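Chemist: Before anything else, here's the structure in question.
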Amino acid sequence: MNEPSGRRRFLKSAAAMGAVALPAPALAADPHPAHAQHAVPRSAAGAASRPYMFLSQAEVAFLDAAVSHLIPRDELGPGAKEAGVTYFIDQQLFGGYGSMAKKYTQGPWPEGTPQQGYQSPLTPAGVYRAGIRDTNAYCEKTYRRSFDKLPRAQQEEVLKGLDGGKIELEQVRAQFFFNMLLANTVEGFFADPVYGGNRDKAGWKLVGFPGVAAVYTPFIEKHNVPYRAQPVSIADITGKIARVDEHGHAVHVMLDGKAGV
């Protein structure tokens, strides 16, 4: 998690996971891996002022510090903390994703393989609660401070310890907790802002993703020409901030000021 190359490395991870390629309508209809069907959609503007529903103040402080390492702010723009990823995670944990409302939750719980899916007696909400508590306990024992109060170099050391399984947590495997946190951070950075993260569409602007699909017919024959549009979110459509055509498709405004359709 070297700071200068951190954003690029995690964007590469996001592309591998398919997060960058997910169009906004797909997120609305079947948003896995963002699990956004379990959260109550909110406008991007409203999300910033809403209270946290699941996370405690100490847990918010932990996640703000942690996600700022996973996707750091740099010369290219805001990072995960500034984009509201902690709030996104809170909303997911408060909803059905956090309680595994739509998944099988009975045992047994063997170690399993990645192909066998989720293998834990803890729900995602339980994983976060235990993981944050146990990591803070490790930091208090090792450094006499909670994770969020450590210098960034020591925070980085702790995150690498979780990632590499070198830190033992009491209730949850360190790598399991870290991998969930990483996946949710990437999801929150690139999901439609209606779900609380990707504030001001920072993630989309970073990678040039236009958001809600438009009609691309006029651009079919324009080969090797970048499609550079101001991104449109679901909240922009429902809030009538963005224009739509007679069929309800978003009308993208190109960055040169011209309408996309």
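Chemist: For segment 220-246 and segment 154-178, what is the separation of their Cα centres, given in Å?
Modeler: Here the two parts' Cα centres lie 41 Å apart.
Chemist: So which lysines can LYS81 reach, going by Cα to Cα under 24 Å and dropping same-chain residues fewer than 8 places off?
Modeler: Hits, sequence-local ones excluded: LYS12, LYS149, LYS160, LYS201, LYS205.
Chemist: Hey, if you put +1 on the Cβ of every Lys and Arg and -1 on every Asp and Glu Cβ in segment 124-261, which of PHE178, ALA191, PHE209 ends up farthest toward the positive end of that dipole?
Modeler: Towards the positive end, the residue furthest out is PHE178.
Chemist: Please name which of LEU122, TYR138, LEU169 has its Cα lying farthest along the dipole of segment 114-236 towards the positive end, using unit charges on Cβ (Lys, Arg +1; Asp, Glu -1) and the Cα centre as origin.
Modeler: The one lying farthest along the dipole's positive direction is TYR138.
Chemist: Which lysines have a Cα less than 17 Å from the Cα of LYS166, not counting those fewer than 8 places away in the same chain?
Modeler: By straight Cα distance, LYS166 reaches LYS141.
Chemist: Also: Could you provide, to the nearest whole Å², the per residue accessible area of segment 99-172 with probe 1.4 Å? Write down the numbers at each step before the final one.
Modeler: Details: 4740 Å² over 74 residues.
Dividing the accessible area of segment 99-172 by its residue count gives 64 Å².
Chemist: Between ALA229 and residues 5 or more places away or on another chain, which pairs have amide H atoms under 5 Å apart, with H built 1.01 Å from N, and which residues are they?
Modeler: Distant-sequence amide H within range of ALA229: LEU255.
Chemist: What ranking, highest mean first, results for peptides 250-256, 240-246 when packing means the other Cβ atoms within 10 Å averaged over each residue?
Modeler: For the peptides 250-256, 240-246, the packing ranking is 250-256, 240-246.
Chemist: Treating the beta-carbon of each Lys and Arg as +1 and of each Asp and Glu as -1, no other charges, what is the dipole magnitude of segment 108-261 about its Cα centre, to the nearest 20 debye?
Modeler: I would put it at about 420 debye.
Chemist: Among 68-74, 161-167, 195-201, what's the highest-first ranking by average C-beta atoms within 10 angstrom per residue?
Modeler: On the way: 68-74: 21.4, 161-167: 16.4, 195-201: 26.9.
Descending mean neighbour count gives 195-201, 68-74, 161-167.
Chemist: Would you mind putting 84-91, 222-229 in packing order, based on average other-beta-carbon counts within 10 Å, highest first?
Modeler: So the peptides 84-91, 222-229, ranked by packing, come out 84-91, 222-229.
The values are calculated or read from the model by the stated rules, or taken from the named source; none is laboratory data. Fair warning: this is a prediction, and the values are worked out from it, not measured in the lab. Using ideal geometry, Cβ is built from the backbone for each residue, glycine included, and neighbour counts are taken over all protein chains shown. Ligands, DNA and RNA are stripped out before the accessible areas are found, and what is left, the full protein with its side chains, is counted by its heavy atoms. Shrake-Rupley method; radii C 1.70, N 1.55, O 1.52, S 1.80 Å.
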